[in-house]
Protein chains: 2
Amino acid sequence: MAQKPSIPKGTRDFSPTEVAKRNYIFSTIKQVFETYGFQPIETPSFENSSTLMGKYGEEGDRLIFKILNSGDYLKKVFEISDLRIYKDIKSLFKKIVSIDKKNNFDYYGKNYQESIISEIKKDLKFSFYYEYIQDDNLIKSLIDRFKLYKSEDIDLIVDDYYKKYLSSGITRITSKISEKALRYDLTVPFARYVVQHQNDIVFPFKRYQMQPVWRADRPQKGRFREFYQCDADVVGSKSLWQEVEFVQLYDDVFSKLKLIGTTIKLNNRKILSGIAEIIGEKDKLIDFTIALDKLDKIGEEGVAKEMLSKGISEEAIKKVQPLFNFKGSNQEKLNQLQELLANSVEGTQGVNDLRFVVNAVENLGLQSANLELDVTLARGLNYYTGAIYEVTAPKNVKMGSIGGGGRYDDLTGIFGLKDISGVGISFGLDRIYLVLEELDLFNQVELPKPKVLFLNLGEQEATYCMKALINLRNKGIKSELYPDASKMKKQLNYANRRAIQFVVIVGTSEMENKKFTLKNMQSGEQQTCNLQELVDITISL
Amino acid sequence: MAQKPSIPKGTRDFSPTEVAKRNYIFSTIKQVFETYGFQPIETPSFENSSTLMGKYGEEGDRLIFKILNSGDYLKKVFEISDLRIYKDIKSLFKKIVSIDKKNNFDYYGKNYQESIISEIKKDLKFSFYYEYIQDDNLIKSLIDRFKLYKSEDIDLIVDDYYKKYLSSGITRITSKISEKALRYDLTVPFARYVVQHQNDIVFPFKRYQMQPVWRADRPQKGRFREFYQCDADVVGSKSLWQEVEFVQLYDDVFSKLKLIGTTIKLNNRKILSGIAEIIGEKDKLIDFTIALDKLDKIGEEGVAKEMLSKGISEEAIKKVQPLFNFKGSNQEKLNQLQELLANSVEGTQGVNDLRFVVNAVENLGLQSANLELDVTLARGLNYYTGAIYEVTAPKNVKMGSIGGGGRYDDLTGIFGLKDISGVGISFGLDRIYLVLEELDLFNQVELPKPKVLFLNLGEQEATYCMKALINLRNKGIKSELYPDASKMKKQLNYANRRAIQFVVIVGTSEMENKKFTLKNMQSGEQQTCNLQELVDITISL
């Protein structure tokens, strides 16, 4: 009868300590977002399927969690179910045979199929068919078959036709039983929000959003089916200052989290376009950057070999030779790129944009992060149109990127609002959590446990304690009364297991003298004090 | 091509202002929860269907949002689809006919059906059938039919059997295509959490949880398909002090929200049981309380009439006569109840419990709420076993309950952990929001907009401003640079539309003198200041 409780794979329960640590990260990011002038919005957990489907590629569509229509969705499934279709096909086929028998249409004539269809449409019982089929092609193929098969083959004909129908019908069935889907990221809902509320929004619009998203990905270490995204975006401005600001914002958040030594990698899509121009073929760009990224591991020769194997010409490899020795300061890198991309208009624009951002950041200074120009950075290649960001954890921690983002020139176009440029970044909460845990950077997080426990030694004593509790709580001191007048040992054990800092003991003598016995559970120290002293001591430590 | 963007009915987007106001309520509740020693937990948005289904009654099951299995769920649908089943039935039927022909089983013998089934099971091709059917009854009825019908009737037989199968198969199909469902409330996931993590939990466990829940209810004013619940519960103690504490907690939260004059209604399930004992029939209890609740509207006679019409005996009505004139202070009510329920053991226990809570609350005092004993309070009747709470808004606001809760003695029993008593309360965020809005109690909420806007008059000026911005932001002053060097009028218009308090103007002369021109947008006042003064002024106002 009783179920062994569990949760779906890829999801997590969070204990009080985990919630506190996660909230510490959230509130740090949130505070910085707001200090930089970003405003929060929230969107619903599920969107209309049409809002999400087709926005993340085929793989994305597959990974979107779909919600079953509520109510009598199953009735709908059966209404349009395959059995009904199968039977309809059978009777339709019989109808075709009978029409053919009754009329004397010329099978080899030009209009044979049309004549049959026209007869079918006259019969109300079969006209509904056009709801399914939408065009005549499938029916035509059924008519074709009718002459080729013998009538005994009716099951074969119907089966064959049914398969054909099915492959065109699955999408229709999905959309009938599911019209809503869980949010897959925060960007598409944000784009939808901007278009839907464009008349209420003051542009440039700086918004942040920290909400869970859901993906039906195969769960693995650090990858979950429900996880939070923390995004900040500006839409409605092409200003490079925004790109500068996001570098500062990353630096500010990670510095506040005491995560020293992160690297903010920076690139620009236009530089990648310039390189593509130089290597001659745009479609080789990803192969190119992947190979180039291996420079440290396989050396110049290895990279060249891999590029050749991917179809990049020897001539092209020669042209981009400087990238094989792409070292030095950001300024030196910029100078090399400027020379390399001198003949590409777009590439040169990219160098100028990057130079503006790099110069501004270097001029303004960073607190703890390193800024590194990285031409192999190509995340979301088909998506970003300008700046590309990625943040990596300090080198002593093994962890992929802990944040990323970039500029996209036509975010809201899919929803009909053209030419709104946006630039945004995202923080990878779960990975940041793991990094802070590994580096022991949660030690200052205040855990959500009471600071003071009043022992419960009986009804009168408890009443006395409850009065004191009101005073502590008014001062915001987390405190509680042990609910039952259990044995002292059990109550102290509770205090120890929860690592509560102070225990207050009230017996008859304390009540008579209007005092409290305060025990520091860490030091073991014990003292008698009045109410004011109790508040003062527990609030200060 | 472009879609007109919209969101599913019953869901909402929240604008920055709305998020800020909602967060003000959340953080007030959260702060009080933590001050009272409650710890946060979080559970996944979706649970295994088996965790949720059957916990909220038939209506609840219908209102739970189900999530389609990811990946090739449609393949699964078709694998077990009605067409396949239909065809399987057909071939199964043919199999039965051929088995009957080949063997010479005695149709009128005792084991005819079993013999056929045993033959079917020998054939691997048909053994899969038992996955569908699970018991032999359906197949037996198919075998029965075989002798009654002529073989030409095969379509009729299969159709008939198929209908029979279908009615037993729908649930199975649902569970094949959907194994997860969105959280319907926070209580069942909490019970699941407690059982699953019982070895890591220190009891009594005081937890709070503030997360969205989803219900496929018909949306209407104030009722949404996605909404937040804010729950606090203690499990593992039967102490009445907890029941006292929740009254204080309600009072504390609403006082902090400046919502003065709420009424905390209190009842006890045992008192309702006592009344049920007196009126003779337990199943009349709900009719009884509903009728009694109308006393103000329809008077004593009207109530008695309604009770009679519901089948409550005249004698019973006479017995509970005192409840018809149930007025006065809580103490007076308690005395009346004590007398009325003197012969009911459980009722008397209820009076004693209530008296303890009422006495303690009155002794300790409340800040702004009224405590009111209400015997008609019967929410969640089948659920609660002790205290029952409900909070109503101040009388000048038309709004139903803005909070409620109670004690349940066997919360975790459904998941196999017996005898864990719990008591908890919930805050109705959306209704509290509407009440605060109506009473204009959001006026102190700091909106998430920048306090200071630096105008952008060109690249050099912007650089100068960005340097100052770093200082303001380090002090936590929400501030930003207008991203583009647009016309001054456009920039000031932006500041006005966002109601930004201060604008900083930096031109050539300001840069030369290391000054800033600071304009107070409300007063129109303008002054020249240095960086330190800029920080000091904007931080203080």
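The values are calculated or read from the model by the stated rules, or taken from the named source; none is laboratory data. Just so it is clear, the structure is predicted and the values come from calculations on it, not from any experiment. Cβ atoms come from the backbone with ideal geometry, glycine included; neighbour counts cover every protein chain shown. Areas reflect the complete protein model, heavy atoms only, side chains present, ligands, DNA and RNA absent. Shrake-Rupley method; radii C 1.70, N 1.55, O 1.52, S 1.80 Å.
Counting Cβ atoms of other protein chains within 10 Å of each residue's Cβ and taking the mean over peptide A:344-353 gives 0.
Relative to the longest principal axis of the Cα atoms of chain B, the long axis of helix B:330-340 lies at roughly 20 degrees. When only the Cβ of Lys, Arg, Asp and Glu is charged (+1, +1, -1, -1), the dipole of region B:204-252 relative to its Cα centre reaches about 380 debye. The long axis of helix A:154-177 is offset from the longest Cα principal axis of chain A by roughly 30 degrees. Of B:L308, B:L354, B:I388, which is farthest along the charge dipole of region B:282-408 in the positive direction, counting Lys and Arg as +1 and Asp and Glu as -1 at C-beta? About the Cα centre, the residue reaching furthest to the positive side is B:I388. For B:K110, the aspartates and glutamates whose Cα falls under 18 Å of its own Cα, not counting residues fewer than eight places away in the same chain, are B:D100, B:E119, B:D136, B:D144. Rounded to the nearest 20 debye, the dipole magnitude of the protein assembly as shown is 1320 debye, with +1 charges on Lys and Arg beta carbons, -1 on Asp and Glu beta carbons, and the Cα centre as origin. Local charge for A:V253 was computed over the other residues whose Cβ lies under 14 Å away, with Lys and Arg +1 and Asp and Glu -1, and equals 0. Running Debye on region B:249-370 with equal point scatterers at the Cα sites and no solvent, what base-10 log of I(q)/I(0) appears at q = 0.18 Å⁻¹? Log10 I(q)/I(0), no solvent term: -0.98.
With label points set 7 Å from Cα along Cα→Cβ, the inter-copy distances at B:N103 are 5.3 nm, sorted shortest first. In the assembled protein chains, A:I290 presents an accessible area of approximately 80 Å² (probe radius 1.4 Å).
Projecting the Cα atoms of B:A291, A:L534, B:F65 onto the dipole axis of the protein assembly as shown, where Lys and Arg carry +1 and Asp and Glu carry -1 at the beta carbon, places B:F65 farthest toward the positive end. Label-point distances for B:A485 to the equivalent site in the other copies, using a point 7 angstrom along Cα→C-beta, read 7.9 nm when ranked shortest first.
With unit charges on the beta carbon (Lys/Arg positive, Asp/Glu negative), name the residue among A:Y408, A:L257, A:I505 whose Cα is farthest towards the positive pole of the charge dipole of chain A. The residue sitting most towards the positive pole is A:I505.
Partners of A:K310 within straight-line reach, counting aspartates and glutamates whose Cα lies under 12 Å from its Cα and excluding those fewer than 8 residues away in the same chain: A:E281, A:D283, A:D287. The fraction of all Cα pairs in region A:417-513 landing in successive 5 Å bins from 0 to the largest distance is 2, 10, 17, 15, 12, 8, 7, 7, 6, 5, 3, 3, 2, 2, 1, 0, given as whole percents. Shown for A:N199: label points 7 Å from Cα along the beta-carbon vector, and their distances to the equivalent points in the other copies, 6.0 nm in ascending order.
A P(r) calculated from all alpha carbon pairs of chain A, with 10 Å bins opening at zero, reads 3, 13, 16, 16, 15, 14, 11, 7, 3, 1, 0, 0 percent.
Volume per residue for the protein assembly as shown equals 272 cubic angstrom (convex hull of Cα atoms).
Only the Cβ atoms of Lys and Arg (+1) and of Asp and Glu (-1) were treated as charged; on that basis the dipole of region B:279-418 about its Cα centre amounts to roughly 260 debye.
When chains A and B come together, the accessible area they lose, probed at 1.4 Å and totalled over both chains, is close to 9900 Å². Which entries in A:K206/B:K490; A:K256/B:K30; A:K475/B:K478 show an alpha-carbon gap greater than 21 Å? From the list (A:K206/B:K490; A:K256/B:K30; A:K475/B:K478), the Cα-Cα distance tops 21 Å for A:K256/B:K30; A:K475/B:K478. Tally up the carbon and sulfur contribution to the accessible surface of region A:421-541 as a whole percent, 1.4 Å probe, everything protein left in place. Roughly 46 percent of what the probe reaches on region A:421-541 is carbon or sulfur. For chain B, adding -39500 (n - 2.57) for each run of n ≥ 4 DSSP H residues and dividing by the number of residues yields -15000 deg cm²/dmol at 222 nm. With all protein chains in place and ligands, DNA and RNA left out, the 1.4 Å accessible area ranks A:E480, B:E362 as B:E362, A:E480, largest first. Cross-link reach is defined here as a Cα-Cα straight distance under 12 Å, omitting same-chain residues fewer than 8 places apart; for B:K333 the aspartates and glutamates meeting it are B:E372, B:D374. Kirkwood's formula applied to the C-alpha pairs of region B:340-446 gives a hydrodynamic radius of 16.4 angstrom.
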